[in-house]
1. Within region 123-137, list the residues whose amide N lies under 18 Å from a label point set 7 Å along Cα→Cβ of residue 52.
2. Return the whole-Å distance between the Cα centroid of region 167-183 and the Cα centroid of region 57-109.
3. From the square roots a ≥ b ≥ c of the eigenvalues of the alpha-carbon gyration tensor of region 27-251, which class results: rounded (a/c under 1.5), prolate (a/b over b/c), or oblate?
4. If you average 1/r across every pair of different Cα atoms in region 182-222 and take the reciprocal, what Kirkwood value do you get, in Å?
5. Once you sort the root eigenvalues of the Cα gyration tensor of region 133-240 as a ≥ b ≥ c, which label holds: rounded (a/c under 1.5), prolate (a/b larger than b/c) or oblate (the other case)?
6. With a ≥ b ≥ c taken as the square roots of the eigenvalues of the C-alpha gyration tensor of region 47-174, please select rounded if a/c is under 1.5 and otherwise prolate if a/b is larger than b/c or oblate if it is not?
Amino acid sequence: MGVRRSVSGSLASLSLGMLACAGPNLWTDGTSVSTGAASHGRLRSPAKLARKGEGYVVPPRWSERGFQYGVRELVDTIVRAAQRVREQHRKSMLGVADLSAHIGGRSSWHVSHQSGRDVDLLFYTTDGRGRPLAPPEHDMFRFDGSGRPYHRERDPSYVDAAWQQRRFDAARNWQLVEELLSDPTIRVQWIFVANSLQDNLLRFARAHDRPYWLVEYAATVMREPAGPPHDDHMHIRIYCPRADRFHGCLDTGPIWQHEKKSFKYAGPERYDPVLWRLMTSMSMLAHGMRG
């Protein structure tokens, strides 16, 4: 009996010791970890967005920077959203600009984008006949509320000589917003975009009877920032993945009403990384068996 008590005591001590080690940045689910705030943070074990995939491309200006890293949830969502837009609109190609550097942190290009939860997306555009155009390789084109491009005199000239032919494509840009807001693996905090283009997108959505909750959700999270108005791209920011909060991920700014119970009570998360990977694996297995 004495030996058993001794062994039990040792095991209990070992268990307590192991639990004591389960602190921030020590035990994770094996995926990416965002720490700190979007404007003062870092990134561990990041996911890398391939420079080209089905329905998207990282143009040369941004691929050369190497800012293709982010939390796994955001990277995977970008890929899925681009694929779904392409399924509905043939020849669509989303231009993906900067996410974060390999380990996050400050850069000369961004104040935020430090913890893997931000991404800049170029607008989908068409030509004068409504045909989809490829993303620009070096430019972010400014658009007014009517969807026409413009150029400020004090800005450097656009590299694309045919820039005046481009038009802001409300249909595909709205679908991109829908895909991001309805994806179950992320929770969007902000879509930074100019007021005039917000109005353009919301008019399109209402005219085409898009789901009321999605329109209201978009109207809540779309905002023109205090600095550059973002009339040349959309800047997406997601809330911290729940597991990353334990490791020091910090959400700053508003917690929207639809998110408050989740934050306060740690209620059911729409995204469970283990369950998601299991379901994905089972789906792939089933597809392989059918094939």
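1. 133-137
2. That distance is 15 Å.
3. Working: a/c = 1.66, a/b = 1.39, b/c = 1.20.
It is prolate, given that a/c is not under 1.5 and a/b is the larger ratio.
4. Values: mean 1/r = 0.0926 Å⁻¹.
Taking the inverse mean of 1/r over all distinct Cα pairs, region 182-222 comes out at 10.8 Å.
5. It is prolate, given that a/c is not under 1.5 and a/b is the larger ratio.
6. On the way: a/c = 2.15, a/b = 1.29, b/c = 1.67.
Oblate shape, in that a/c is at least 1.5 and b/c is the bigger or equal ratio.
Any read-out appearing in this document is the output of simple, stated calculations on the displayed coordinates, not a laboratory observation. Just so it is clear, the structure is predicted and the values come from calculations on it, not from any experiment. Note that each Cβ is placed from the backbone with ideal geometry, even for glycine, and that neighbours are counted across all protein chains shown.
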